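Everything below concerns the one structure shown next.
The values are calculated or read from the model by the stated rules, or taken from the named source; none is laboratory data. Since the structure is predicted, the reported quantities are computational estimates derived from the model, not experimental observations. Here the Cβ positions follow ideal geometry from the backbone for every residue, glycine too, while neighbour counts run over all protein chains shown.
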Amino acid sequence: MGWGFARQQLVGRINEAFAPAAIAAAAQVAAPLGPQADAFDIVHATGAFQFPEGVTLDSYRDSLPIPPLNKAVLAEAFRYAVRNSIPLSFAIASGHAESVQVTTSDTLISVVLTRVD
């Protein structure tokens, strides 16, 4: 998730949008997207993505070499967070294999997306 902007900046924006003080607003913004919205749709609706001119959400999403299962896990984590108004903490790490780790409690969903750089 780092085309056109720094990962660190994107992660910061996502964490602001899904923080305890902001999760209700994120849930309200995401509600009209419907049950099929993926993580990219939800994050985009909060305004966290700022694409260069000519880049669309669809082109960005399609350009990412994130495995389909990992995209599905991300989608479910973000949908669950907004559906249940549970704050979400997001991080992107570099590693040797593509992966996604989700840790949950009643008060926080923690998502770490590991990317091969």
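The table that follows gives values for the structure above.
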{"read-out": "Matching option when the condition is buried (at least 18 other Cβ atoms within 10 Å of the Cβ) and under 11 Å from the mean Cα position of the chain (by Cα), among A17, A30", "value": "A17"}
{"read-out": "R79 basic (K, R), under 24 Å from S110 (Cβ atoms) and modelled with pLDDT of 95 or more", "value": "yes"}
{"read-out": "Where a residue in region 1-19 is closer than 15 Å to A45 by Cβ and among the β-branched types (V, I, T) and its partner, wherever it lies, is at pLDDT 90 or above and part of a helix (DSSP H, G or I), with Cβ under 6 Å and at least six apart", "value": "I14/V43"}
{"read-out": "Unmet requirement for S94, which otherwise passes all of (1) closer than 16 Å to F18 by Cβ; (2) without any contact (Cβ under 8 Å) to a residue 24 or more places away in the chain; (3) in contact with a Lys or Arg (Cβ under 7 Å, 6 or more places away or on another chain)", "value": "(1)"}
{"read-out": "Unmet criterion (only one of (1) over 22 Å from Q101 (Cα atoms); (2) in a helix (DSSP H, G or I)) for V11", "value": "(1)"}
